[in-house]
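Asker: I'd like to ask you about the structure that follows.
The values are calculated or read from the model by the stated rules, or taken from the named source; none is laboratory data. Computed from a prediction, not measured in an experiment: that's the story for all the values here. Quick reminder, even Gly has a Cβ in these numbers, built from the backbone with ideal geometry, and neighbours come from all protein chains shown. Surface areas here come from the heavy atoms of the whole protein model, side chains and all, with no ligands, DNA or RNA. Shrake-Rupley method; radii C 1.70, N 1.55, O 1.52, S 1.80 Å.
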Amino acid sequence: MRHNGYDNLLDAIEDGQGYFLACPEGHGSLPPRRVCPDCGSRDLTDEPLPDAGEVVAATTVSVPGPQFADDAPYVTAIVDFGPVRLTGVVRGTDDEPGPGFVVGVDVEETKTEGERVVTFRPR
């Protein structure tokens with residue numbers, strides 16, 4: 001099991017092996033959790049992240065924080081991958097995606113500081 005943190009999740013997504021944590025009750029959560037936030041179970045297993053998810057909400061950021069200054073404007077979205085939701089930056093489309101827009105997940109670098117971020121691209 002890979003419960004060593006968010007960087008491990010980013011590494012796994014980059015390798016095409018994204019995962020989430022599932023408890024025996026079927027609740028999903030994201031690393032680095034060690035306890036299910038819904039039922040308190042400590043019996044968590046790694047489950048594969050679905051290949052595609054649907055946008056739940058998105059917004060265009062025009063006035064960013066300093067760590068994203070060179071990336072603006074950009075679209076950030078919450079995407080439903082079944083048992084879990086991820087937040088990240090939408091790339092590969094000029095439009096702000098609406099609810100139900102289907103995307104895949106990846107990891108890319110920001111223009112401003114070269115930091116890794118979760119990204120979504122149209123499927």
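Asker: Report the local net charge at A52: Lys and Arg +1, Asp and Glu -1, summed over other residues whose C-beta lies under 13 Å from its C-beta.
Answerer: Net local charge, A52 excluded: -2.
Asker: By the 4.7 Å beta carbon criterion, which cysteine residues of the chain come out unpaired?
Answerer: C39
Asker: With a sphere of radius 13 Å drawn around the Cβ of S29, what net charge do the other residues whose Cβ falls strictly inside it have (Lys, Arg +1; Asp, Glu -1)?
Answerer: Charge balance near S29 sits at -1.
Asker: Continuing with this model, one more query. Hey, what's segment 23-82 come to in accessible area per residue, 1.4 Å probe, Å²?
Answerer: Accessible surface, normalised per residue, equals 57 Å².
Asker: Here is a follow-up. What does the extension gain come out to for S62 and E25, with contour length at 0.36 nm per residue minus their alpha carbon separation?
Answerer: Stretched fully, the S62-E25 segment lengthens by 9.3 nm.
Asker: Right, next: In whole percent, how big is the carbon plus sulfur part of the accessible area of the chain, probe 1.4 Å, protein atoms only?
Answerer: 44 percent
Asker: Work through the residues other than Q67 whose Cβ is under 14 Å from its Cβ and net out their charges, Lys, Arg +1 and Asp, Glu -1.
Answerer: -3
Asker: Related question: Accessible area of V102, 1.4 Å probe, to the nearest 10 Å²?
Answerer: Per-residue accessible area (V102): approximately 60 Å².
Asker: Report relative contact order for the chain in percent, whole number only (criteria: Cα-Cα under 8 Å, sequence separation at least 6).
Answerer: Relative contact order, the chain: 22 percent.
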